[in-house]
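**Q** Sharing a structure below in structure tokens format, with a few things to ask.
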Amino acid sequence: MRLRASCFFKFEISEPTPFILMLRPRSGAHQWVEKEEYRIFPSIPVFEFTDSYGNLCQRLIANPGEFSIVTSSEVVTSNFIDEGFRAPFIEIQNLPDGVLSYLLPSRYCESDCFNDLAMSIGEGQYLGYNQVAAITEWLRNNIQYIPGSNNEPLSANQVRNKGFGVCRDLAHLGIALCRSLSIPARIVVGYLHGLNPMDMHAWFEAYIGNRWYTFDATQIGNPGGYVVLGFGRDAADVAVFNQFGPSVYPIEQNVQVEEIF
């Protein structure tokens, strides 16, 4: 599947404001980036770096007045999500060093609070992929996905107590449950073709059978069309923009994903 994923953000800046952005997909196992466009208005110096999770990030200082970001990427990605039923659990001592941090509790994924629930969901399941598939199905049946219901990230505990949330919130709870079973899990942020309503999207991945598998409790079946912008432990690591100083929110925002041939 070849997709064009684009976004537009416009801000009204009151004083010089540092930003860190995460709006460039990178080629890798998930996808191949064929073409990119990235424009800042008005033109200002931008510096790029790679963070500790391998994400491409951009640093800049926005000047007072209107400030806009326009990006567009043409990306080749899979038509479907890989499934791996019976892909095995990997014992901790055999995990790659770079995966170990995804076993630990984090700001929004308090995995040390969910041992009993995770064990009950995974009971009787083949250890590994089947446990995570059971967690994903439990999320669909017990946590209501309501786009736009929360503006700020919720922790896994908060999502469990509220019983509903946005895509990011369901991902947090799924990650916490996986980590409670000693399965490494991480959040992913990006785009999804056919998402309704269209917006940035979040899902999670679990490390099973010596590779990462995608899970998304907000979608039925295994549709493809995912475009990855960034990975992290939870939402604190994968904001598509962070600003420092007075709170600044977009006055205009538009996200589009279309298939191209």
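**Q** When you check V228 against the structure, is it surrounded by 16 or more Cβ atoms within 10 Å (Cβ to Cβ), under 11 Å from the mean Cα position of the chain (by Cα) and either in the same structural domain as N130 (by TED's automatic domain parsing) or charged (D, E, K, R) (or both), yes or no?
**A** Details: surrounded by 16 or more Cβ atoms within 10 Å (Cβ to Cβ): yes; under 11 Å from the mean Cα position of the chain (by Cα): yes; either in the same structural domain as N130 (by TED's automatic domain parsing) or charged (D, E, K, R) (or both): yes.
Judged against the criteria, V228 is a match.
**Q** Whether any residue in segment 86-100 is at pLDDT 95 or above and more than 30 Å from A185 (Cβ to Cβ) is what I want to check.
**A** No, segment 86-100 contains no residue that is at pLDDT 95 or above and more than 30 Å from A185 (Cβ to Cβ).
**Q** For the structure I just gave you, tell me whether A62 is among the small types (G, A, S), in contact with a strand residue (DSSP E or B) (Cβ under 8 Å, 6 or more places away or on another chain), surrounded by 18 or more Cβ atoms within 10 Å (Cβ to Cβ) and at pLDDT 95 or above.
**A** Working: among the small types (G, A, S): yes; in contact with a strand residue (DSSP E or B) (Cβ under 8 Å, 6 or more places away or on another chain): yes; surrounded by 18 or more Cβ atoms within 10 Å (Cβ to Cβ): yes; at pLDDT 95 or above: yes.
Yes.
**Q** Return the residues of segment 179-201 that are of a type in the set (A, V, I, L, M, F, W, C) and in contact with a Gly (Cβ under 8 Å, 6 or more places away or on another chain); say none if nothing qualifies. Don't jump to the end; show me each part of the working.
**A** Looking only at segment 179-201, we keep the residues that are of a type in the set (A, V, I, L, M, F, W, C), and these are 181, 183, 185, 187-189, 192, 195, 198, 200.
Matches in segment 179-201: L181, I183, A185, I187, V188, V189, L192, M200.
**Q** Which members of segment 4-31 meet the condition of being over 13 Å from V75 (Cα atoms) and assigned to a strand (DSSP E or B)?
**A** Step one: list which residues in segment 4-31 are over 13 Å from V75 (Cα atoms), which gives 7-23.
Of everything in segment 4-31, those that are over 13 Å from V75 (Cα atoms) and assigned to a strand (DSSP E or B) turn out to be C7, F8, F9, K10, F11, E12, I13, T17, P18, F19, I20, L21.
**Q** I'd like the full set of residues that are of a type in the set (G, A, S) and more than 30 Å from P88 (Cα to Cα), limited to segment 132-160.
**A** At the first step, the residues of segment 132-160 found to be of a type in the set (G, A, S) are 133-134, 148-149, 155-156.
If the condition is that a residue be of a type in the set (G, A, S) and more than 30 Å from P88 (Cα to Cα), then G148, S149 are the ones that fit.
**Q** Select from segment 157-182 the residues that are among the small types (G, A, S) and either free of Cβ contacts under 8 Å to residues at least 24 places away in the same chain or buried (at least 24 other Cβ atoms within 10 Å of the Cβ) (or both) and list them in ascending order.
**A** Residues of segment 157-182 among the small types (G, A, S): 163, 165, 171, 174, 176, 180, 182.
Within segment 157-182, G163, G165, A171, G174, A176, S180 meet the criteria.
**Q** Can you tell me which residue within segment 65-92, out of those that are among the aliphatic types (A, V, I, L, M) and surrounded by 15 or more Cβ atoms within 10 Å (Cβ to Cβ), is nearest to P223 (Cα to Cα)?
**A** Pass one, segment 65-92, residues among the aliphatic types (A, V, I, L, M): 69-70, 75-76, 81, 87, 90, 92.
Adding the requirement that they be surrounded by 15 or more Cβ atoms within 10 Å (Cβ to Cβ) leaves 69-70, 75, 81, 87, 90.
Numbers: I69: 29, V70: 27, V75: 16, I81: 6, A87: 20, I90: 26 Å.
Restricting to residues being among the aliphatic types (A, V, I, L, M) and surrounded by 15 or more Cβ atoms within 10 Å (Cβ to Cβ), the top hit is I81.
**Q** For segment 188-199, name all the residues that are in contact (Cβ under 8 Å) with a residue 60 or more places away in the chain and either in contact with a strand residue (DSSP E or B) (Cβ under 6 Å, 6 or more places away or on another chain) or closer than 13 Å to R233 by Cα (or both). Spell out how you get there, then give the answer.
**A** Quick first cut of segment 188-199, residues in contact (Cβ under 8 Å) with a residue 60 or more places away in the chain only: 189-195.
V189, G190, Y191, L192, H193, L195 - these are the residues of segment 188-199 that are in contact (Cβ under 8 Å) with a residue 60 or more places away in the chain and either in contact with a strand residue (DSSP E or B) (Cβ under 6 Å, 6 or more places away or on another chain) or closer than 13 Å to R233 by Cα (or both).
**Q** Pairs please, first residue from segment 240-251 and at positive phi, second anywhere and polar (S, T, N, Q), Cβ atoms under 6 Å, 6+ apart in sequence or on different chains.
**A** Correct list of pairs: G245/T17.
**Q** Looking only at segment 152-193, which residues are in a loop (DSSP other than H, G, I, E, B) and either modelled with pLDDT of 95 or more or not assigned by TED's automatic domain parsing to the domain that holds L127 (or both)?
**A** Residues satisfying the conditions are L154, S155, G163, V166, L181, S182, I183, P184, H193.
**Q** Then there is this: In segment 194-222, what residues are more than 11 Å from the chain's Cα centre (by Cα), modelled with pLDDT of 95 or more and of a type in the set (A, V, I, L, M)?
**A** L195, M198, A206, I208, A217, listed by residue number.
**Q** Moving to a separate point now. Can you run down the residue pairs with Cβ atoms below 6 Å, 6 or more apart or on separate chains, where the first is in segment 217-237 and under 20 Å from I143 (Cβ atoms) and the partner is crowded, with 21+ Cβ neighbours inside 10 Å and of a type in the set (D, E, K, R)?
**A** Between residues of segment 217-237 that are under 20 Å from I143 (Cβ atoms) and residues that are crowded, with 21+ Cβ neighbours inside 10 Å and of a type in the set (D, E, K, R), the close pairs are A235/R168.
**Q** For segment 136-151, give me the residue count where each residue is in a loop (DSSP other than H, G, I, E, B) and either surrounded by fewer than 17 Cβ atoms within 10 Å (Cβ to Cβ) or not β-branched (V, I, T) (or both).
**A** Step one: filter segment 136-151 for residues in a loop (DSSP other than H, G, I, E, B), giving 143, 146-151.
Add one more test, that the residue is either surrounded by fewer than 17 Cβ atoms within 10 Å (Cβ to Cβ) or not β-branched (V, I, T) (or both), and what stays is 146-151.
Selection size over segment 136-151: 6.
**Q** Would you call V255 surrounded by fewer than 21 Cβ atoms within 10 Å (Cβ to Cβ), outside the structural domain of N115 (by TED's automatic domain parsing) and modelled with pLDDT under 95? Spell out the reasoning first.
**A** On the way: surrounded by fewer than 21 Cβ atoms within 10 Å (Cβ to Cβ): yes; outside the structural domain of N115 (by TED's automatic domain parsing): yes; modelled with pLDDT under 95: no.
Against the criterion (surrounded by fewer than 21 Cβ atoms within 10 Å (Cβ to Cβ), outside the structural domain of N115 (by TED's automatic domain parsing) and modelled with pLDDT under 95), V255 does not qualify.
The values are calculated or read from the model by the stated rules, or taken from the named source; none is laboratory data. Bear in mind that the values here come from a model prediction, so they are computed numbers and not experimental data. Glycine gets a Cβ as well: all are built from the backbone with ideal geometry, and neighbour counts include every protein chain shown.
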